[in-house]
Amino acid sequence: FFLTWLFLYLQIKLSPFLLCSQIFGGATHVNVSHMIHDLSFGPKYPGLHNPLDGTVRILHETSGTFKYYIKIVPTEYRYIWKEVLPTNQFSVSEYFSPMKEYDRSWPAVYFLYDLSPITVTIKEERRSFLHFITRLCAVLGGTFALTGMLDRWMYRLIEEVTKASGTRAYR
């Protein structure tokens, strides 16, 4: 609170650039290190992964500008019991530009966002018991076919090896 008041008071007498230069000792000495604990645009639903959650950016010897370009997509999550949860999901591109001694701009962290005109619908659904039986039969059939092929290849390999050595393999 005091720093804000001091800044507003001194802004009348000095230009903002000159004031910040005197307080921080120049733009390259401003530390814009940050941690994003949680960033979301609406309620969370099962399976949602927000790409910026837990992001940590620490600057040690330099300063600069972070820009997060966020693409927000409206989303409807439909539960099994037909309840609809309107929310949003997003993707992000991150850019960092280090400060140069001669730059007249100040270090900052920007969140620039764009809203998508398309809505995504995610539906929870349970598969039927018939679907489970079909997949089980597919796995068992594939296993049976693969072991049959391996058996045939091994038989032919052993037959060729024993033929080359001059003895005949008996069944």
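For residue 67, a cut-off of 18 angstrom between C-alpha atoms picks up these lysines, skipping any fewer than 8 places away in its own chain: 100.
Shown here for region 112-171: GluC sites (Glu not before Pro) in loop regions (DSSP other than H, G, I, E, B) with at most 16 other Cβ atoms within 10 Å, namely 124, 125.
Based on the Cβ-Cβ distance of residue 50 and residue 127, what FRET efficiency does E = 1/(1 + (r/R0)^6) give at R0 = 25 Å, to the nearest 0.05? The formula returns an efficiency of 0.35 here.
For region 47-118, the solvent-accessible area of protein heavy atoms averages 66 Å² per residue (probe radius 1.4 Å; ligands and nucleic acids excluded). Here region 33-137 carries DSSP beta bridges of which approximately 60% are antiparallel, counting only pairs with both residues inside.
Extension gain for residue 103-residue 158 works out to 12.2 nm (0.36 nm per residue, less the C-alpha to C-alpha distance).
Annotation: per residue accessible area for region 127-170 equals 95 Å², rounded to a whole number [probe 1.4 Å, protein chains only]. What does the charge count around residue 78 come to, taking other residues whose C-beta lies under 11 Å from its C-beta (Lys +1, Arg +1, Asp -1, Glu -1)? Residues close to residue 78 contribute a combined charge of -2. Note on residue 82: aspartates and glutamates with a C-alpha under 17 Å away, same-chain residues under 8 apart excluded, are 124, 125.
The values are calculated or read from the model by the stated rules, or taken from the named source; none is laboratory data. What you are looking at is a predicted structure, and each value in this text was computed from that prediction instead of being measured. Cβ: placed from backbone, ideal geometry, glycine included. Neighbour counts: every protein chain shown. Side chains are part of the model used for accessible areas, which takes the heavy atoms of the whole protein and leaves out ligands, DNA and RNA. Shrake-Rupley method; radii C 1.70, N 1.55, O 1.52, S 1.80 Å.
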